[in-house]
Amino acid sequence: MKKIIIFLVVILALFATLGIVTTMQKDEKLKATDNPYGTDKLEPATIDQLDDPNYQNIILPAQLNKKLEAKEDVAVYYFSPLCEHCQRTTPIVAPIAEEMGIDLVQYNLLEFEQGWNDYNIKATPTIVYYKNGVEQARIMGENDEATFKQWFENNGVN
């Protein structure tokens, strides 16, 4: 019985150590990268994307609301770091937007879940173009490069 208790204590100590090391690594990554979210309480999947060059144009809910209330034109890429379709789509869309001179802001629905309801998002990825603060067009799902380029062009996204 003593051996079992010692074994369990060792196992629990290993798990505790693993948890502490993981937390320390997360904190180090947050300190080492620019964090546009304004909080240290981020999901691990979001932390993993902080230094990804395709996820560097993050917009916060207050910033987006301000743009829409000011009746600005804005193209928003709604994504989730956990979405497999987003993981395949972002490396296609981000370079297209840059090449076309489009300021495609990125809204993280994992961190800001209210966005699902606030902007009527049904699935990720979704790109919505707001003209004068009002939704003009949207494209949902994983598409190829040509489809996204045509959508941007057809909808006058700039």
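The values are calculated or read from the model by the stated rules, or taken from the named source; none is laboratory data. Keep in mind the model is a prediction, meaning the values are calculated, not measured. Every residue, glycine among them, receives a Cβ derived from its backbone with ideal geometry; neighbour counts consider all protein chains shown. Accessible surface areas use protein heavy atoms only, side chains included; no ligands, DNA or RNA. Shrake-Rupley method; radii C 1.70, N 1.55, O 1.52, S 1.80 Å.
Points worth noting:
- Identification of strands (runs of 3 or more DSSP E) wholly contained in region 86-158 with 2 or more residues that are under 15 Å from the mean Cα position of the chain (by Cα) yields 104-108, 126-131.
- Within region 126-158, being in contact with a strand residue (DSSP E or B) (Cβ under 6 Å, 6 or more places away or on another chain), touching a residue at least 40 places away in the same chain (Cβ under 8 Å) and either of a type outside the set (Phe, Trp, Tyr) or farther than 17 Å from VAL105 by Cβ (or both) holds for THR126, ILE127, VAL128, VAL157.
- Top-ranked residue of region 14-37 - restricted to ones that are of a type in the set (A, V, I, L, M) and at pLDDT 75 or above, ranked as least open to solvent (accessible area, probe 1.4 Å): ALA16
- Candidate set: region 38-83, residues that are more than 19 Å from GLU113 (Cα to Cα), of a type in the set (D, E, K, R) and not in a helix (DSSP H, G or I); chosen: the one most open to solvent (accessible area, probe 1.4 Å): LYS71
- Residue in region 108-119 that is modelled with pLDDT of 95 or more, in contact with a Phe, Trp or Tyr (Cβ under 9 Å, 6 or more places away or on another chain), loosely packed, with under 15 Cβ neighbours inside 10 Å and farther than 23 Å from ASN158 by Cα present: yes
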